[in-house]
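Peer 1: I have a structure I would like to understand better, so I am pasting it below and will then ask my questions one at a time.
The values are calculated or read from the model by the stated rules, or taken from the named source; none is laboratory data. The model shown is predicted, which means the values in this text are computed figures rather than measured ones. Note that we place each Cβ from the backbone using ideal geometry, even for glycine, and neighbour counts take in every protein chain shown. Quick note on the areas: whole protein, heavy atoms, side chains included, nothing else; ligands and nucleic acids left out. Shrake-Rupley method; radii C 1.70, N 1.55, O 1.52, S 1.80 Å.
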Amino acid sequence: MADIIRLLPDHVANQIAAGEVVQRPASVVKELLENAIDAQSTDIKLIVKDGGKTLIQVVDNGIGMSDTDARLSFERHATSKIQKAEDLFNLHTKGFRGEALASIAAIAHVEMMTRTEDEEVGTHIKIEGSKIISQEVAVVPKGTSMMVKNLFFNIPARRNFLKSDQVEFRHITDEFHRVALAHPQISFSFYNNGSDVFNLPGNDFKKRIVQIFGRKTNEKLVPINEDTNVVRISGYIQKPEFAKKSRGEQFFFANNRFIKSPYLHHAVLGAFEGLIKPGTHPGYFICLEVDPATIDINIHPTKTEVKFDDEHTLYAYLKSTIKHSLGQFNVAPSLDFEKDQNLETPYNFKDKAVSMPGISVDADFNPFQKSRTAKAVGYSKQPNAQGWENMYQGLERKVPNRESSILEMESEGFNSSIFDGTETQDTVTTTFQLRKKYIVSTIKSGMLIINQSRAHQRVLYEGFLKNITIKEAVSQQLLFPLTLNFTHGEISILREIKESLCAVGFVFGDITHETVEIKGVPVVVTESEVQMVMEQLISDFQMEALEDSFSQVDMLAKTLSKTLSVKTGEILDERSQLGLVNDLFACKESALSPFNKRTYITLTENDIDRKFI
Ligand code: ADP
Ligand code: MG
């Protein structure tokens, strides 16, 4: 047999490697920013267009490259950062694999301009799909500018796979946050489609957090600090009362590198246990410094997952450090002495009588219990619930539509309608609540058991969809518009979904970099719920959860129905129970929740009889 093994041509090998290194525009941003940092830059500019699909450019003022190095840097396994295998155990740089530039140049149009301090002129190189188009001498500033255009131009399948510009932009922003937080002393600026997103002069860590997440963040932060023989822990945690629905502000850095660690995350959660409401997430910005020899950052190609030699000890130290800080914060306000006048809270702690701030923990906490149980179902006439019925205009409320019920039942595999020939004149008239979770009623064939939360989700979901479709959302004007604070990232998500939010009844005023003014809300949302609802929406979009949704509008309806529905554990009065049952069976898809879970089951007399055998 003839020899059949061949070496892959370099450009093919590079394209394959690129599959691993470059998943999306944000991966390019990460690699270029890290190269700029490794080059000892003190000022780094990031410029993107169209979610990075058209252009990603990073301009730094670092050490630059000689013209030979400039050419070499695009070769695979070309790195100045390690020379021998042992160097891997003493890494002080971000990169070391020497494949980022080769990979990027294999799948994009790349232009690099670079000059070192001692040279008078620099180099200008153009590469397209691994092919050098030109290399010229050029008069350029000291440092390096890398321009990456038309990502995946030669791999249409990858290009088509990219998400919308906004989604890609969001990933880029996340990456930018991580790098900018890991290097507060470096100045960063970030431009998107010609306008500036961030301009962050070099600063300390706390101020960098505030630069990125907004002035309001300052008063939320509690410092943590611990020096041990295996790790130096520093950074900030957010006070428990600021725990959020979304998981956005959780950052670990190990030796100035953003890392993900579900294990250490668990340690943080452990420290917060009992202090935050269920379903909310504490914010944290935690820096770990360990001996580079005790950390393996090489187990994952995109290098966010790391392995520590002694994770268990780290876990224990981290948890106790945070607990300690939370405890301190309990008796004294923030113990951070490096205060900045500009960032000060408007009042002066010094002049205030010391009082125990105290973290009150309501063991029976149920975010939905207060005034809203009956209201949410909308059947008890509390003042707030006025207008609720409008949501359902057009949807039959009283289950008179027996035929459609019958059809639904049958399609769900029931032999006959549960209401068939019922003794209750087509409607359920007696119900009771079981374990604050189910609504139970008798029907002719036996027994009907409804899951209250899922049933209400279905009712709300169809209500919202209807609102959106007929574009006649009923909103209630807020007497005093609410101004809510968000991070830049959250605001950009809100902008993305604003139109759909309006369609369900939200009315917006001014939206700035950090705040959103809300003038009206859907009738089913109370003022006190607005923040929570918004956070849930943002968090769902952030996680790109609910990915099986047909559309943004569908996702919105799902999220809102999930957030606003009556939950297990809520007591419903009889009126509300009845109303919910009737509304459920007036729905088009009464048998399933918006998340495709059964809303009710029936137990026939036969089923019950069999239990007695
Ligand atoms: P790695 O960072 O893993 O070494 P890269 O492919 O990212 O590999 O870069 C290859 C080499 O190019 C680097 O080792 C470095 O010497 C050089 N380089 C890349 N970007 C820059 C930059 N912005 N400034 C100076 N040198 C750079
Ligand atoms: Mg690199």
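Peer 1: Sort out which residues of segment 227-254 are open to solvent by 40 Å² or more (accessible area, probe 1.4 Å) and in contact with a His (Cβ under 8 Å, 6 or more places away or on another chain), and write them in order of number.
Peer 2: If the condition is that a residue be open to solvent by 40 Å² or more (accessible area, probe 1.4 Å) and in contact with a His (Cβ under 8 Å, 6 or more places away or on another chain), then LYS245, ARG247 are the ones that fit.
Peer 1: Moving on. Could you list all residues from segment 82-129 that are more than 13 Å from ligand 1 (Cβ to nearest atom) and either in contact with an Asp or Glu (Cβ under 7 Å, 6 or more places away or on another chain) or hydroxyl-bearing (Ser, Thr, Tyr) (or both)?
Peer 2: Selection gives HIS109, HIS124, LYS126.
Peer 1: Could you say which residue among GLN57, GLN15 is open to solvent by 20 Å² or more (accessible area, probe 1.4 Å), in contact (Cβ under 8 Å) with a residue 24 or more places away in the chain and closer than 28 Å to GLU120 by Cβ?
Peer 2: On the way: GLN15 fails: closer than 28 Å to GLU120 by Cβ.
When all the criteria are applied, what remains is GLN57.
Peer 1: Follow-up question, since we're still on this one. For segment 497-509, what are the residues that are within 19 Å of GLY248 (Cβ to Cβ) and open to solvent by 40 Å² or more (accessible area, probe 1.4 Å)?
Peer 2: Let us first name the residues in segment 497-509 that are within 19 Å of GLY248 (Cβ to Cβ), namely 497-498, 501.
LYS498, the sole residue that qualifies.
Peer 1: Is one or more of the residues making up segment 509-520 in contact (Cβ under 8 Å) with a residue 12 or more places away in the chain and within 14 Å of the chain's Cα centre (by Cα)?
Peer 2: Within segment 509-520, not a single residue is in contact (Cβ under 8 Å) with a residue 12 or more places away in the chain and within 14 Å of the chain's Cα centre (by Cα).
Peer 1: Continuing with this model, one more query. Can you pull out the residues in segment 21-46 that are among the acidic types (Asp, Glu), within 16 Å of ligand 2 (Cβ to nearest atom) and surrounded by fewer than 22 Cβ atoms within 10 Å (Cβ to Cβ)? Let's see the steps before the verdict.
Peer 2: Of the residues in segment 21-46, the ones among the acidic types (Asp, Glu) are 31, 34, 38, 43.
Within this subset, residues satisfying the condition of being within 16 Å of ligand 2 (Cβ to nearest atom) are 31, 34, 38.
GLU34, ASP38 - these are the residues of segment 21-46 that are among the acidic types (Asp, Glu), within 16 Å of ligand 2 (Cβ to nearest atom) and surrounded by fewer than 22 Cβ atoms within 10 Å (Cβ to Cβ).
Peer 1: Here is a follow-up. List every residue pair whose Cβ atoms lie under 8 Å apart, where the two residues are 6 or more positions apart in sequence or sit on different chains, the first residue falls within segment 534-555 and is over 17 Å from SER246 (Cβ atoms) and open to solvent by 20 Å² or more (accessible area, probe 1.4 Å), and the second residue, located anywhere, is modelled with pLDDT of 80 or more and among the β-branched types (Val, Ile, Thr).
Peer 2: GLN552/ILE497
Peer 1: Let me ask another. Within segment 315-333, identify whether any single residue is open to solvent by less than 60 Å² (accessible area, probe 1.4 Å), modelled with pLDDT under 70 and among the polar types (S, T, N, Q), and answer yes or no.
Peer 2: Yes, segment 315-333 has at least one match.
Peer 1: While we're on this one: What do you reckon, is SER492 touching a Phe, Trp or Tyr at 6+ places or on another chain (Cβ under 9 Å) and farther than 24 Å from VAL521 by Cα?
Peer 2: On the way: touching a Phe, Trp or Tyr at 6+ places or on another chain (Cβ under 9 Å): yes; farther than 24 Å from VAL521 by Cα: no.
Criteria not met by SER492.
Peer 1: For segment 70-122, give me each residue that is within 13 Å of ligand 2 (Cβ to nearest atom) and either open to solvent by 70 Å² or more (accessible area, probe 1.4 Å) or among the small types (Gly, Ala, Ser) (or both).
Peer 2: Within segment 70-122, SER73, ARG76, HIS77, ALA78, SER80, GLY95, GLY98, ALA100, ALA102, SER103, ALA105 qualify.
Peer 1: Would you call LEU151 assigned by TED's automatic domain parsing to the domain that holds ASN61 and out of contact with any strand residue (DSSP E or B) (no Cβ under 8 Å at 6 or more places or on another chain)?
Peer 2: Details: assigned by TED's automatic domain parsing to the domain that holds ASN61: yes; out of contact with any strand residue (DSSP E or B) (no Cβ under 8 Å at 6 or more places or on another chain): no.
Here the answer is no, as LEU151 does not meet what is asked.
Peer 1: Please enumerate the residues belonging to segment 556-596 that are within 17 Å of SER539 (Cα to Cα) and open to solvent by less than 10 Å² (accessible area, probe 1.4 Å). Break it down stepwise before answering.
Peer 2: Of all residues in segment 556-596, those within 17 Å of SER539 (Cα to Cα) come to 556-564.
Selection gives LEU556, ALA557, THR559, LEU560, SER561, THR563, LEU564.
Peer 1: Something else now. Among the residues of segment 195-211, is any in contact with a Ser or Thr (Cβ under 7 Å, 6 or more places away or on another chain), closer than 30 Å to PRO9 by Cα and in a strand (DSSP E or B)?
Peer 2: no
Peer 1: Just one of ALA18, ALA39, ALA26, ALA13 is farther than 30 Å from LYS163 by Cα and either of a type in the set (Gly, Ala, Ser) or not assigned by TED's automatic domain parsing to the domain that holds VAL140 (or both); which is it? Break it down into steps so the answer makes sense when it comes.
Peer 2: Numbers: ALA18 fails: farther than 30 Å from LYS163 by Cα; ALA26 fails: farther than 30 Å from LYS163 by Cα; ALA13 fails: farther than 30 Å from LYS163 by Cα.
The unique qualifying residue is ALA39.
Peer 1: Here is a follow-up. Being under 22 Å from ILE259 (Cα atoms) and open to solvent by 70 Å² or more (accessible area, probe 1.4 Å) is the filter here; which residues of segment 183-201 pass it?
Peer 2: The answer is GLN185, and nothing else.
Peer 1: Somewhere in segment 47-55, is a residue within 30 Å of the chain's Cα centre (by Cα) and within 14 Å of ligand 2 (Cβ to nearest atom)? Step through it out loud before you land on a result.
Peer 2: As a first pass, look at segment 47-55 and keep what is within 30 Å of the chain's Cα centre (by Cα): 47-55.
Now restrict to residues that are within 14 Å of ligand 2 (Cβ to nearest atom): none.
So far as segment 47-55 goes, no, none of its residues is within 30 Å of the chain's Cα centre (by Cα) and within 14 Å of ligand 2 (Cβ to nearest atom).
Peer 1: Please tell me if LYS220 is closer than 18 Å to HIS488 by Cα, open to solvent by 50 Å² or more (accessible area, probe 1.4 Å) and modelled with pLDDT under 95. Even if it seems obvious, please write down each step before you answer.
Peer 2: On the way: closer than 18 Å to HIS488 by Cα: yes; open to solvent by 50 Å² or more (accessible area, probe 1.4 Å): no; modelled with pLDDT under 95: yes.
No.
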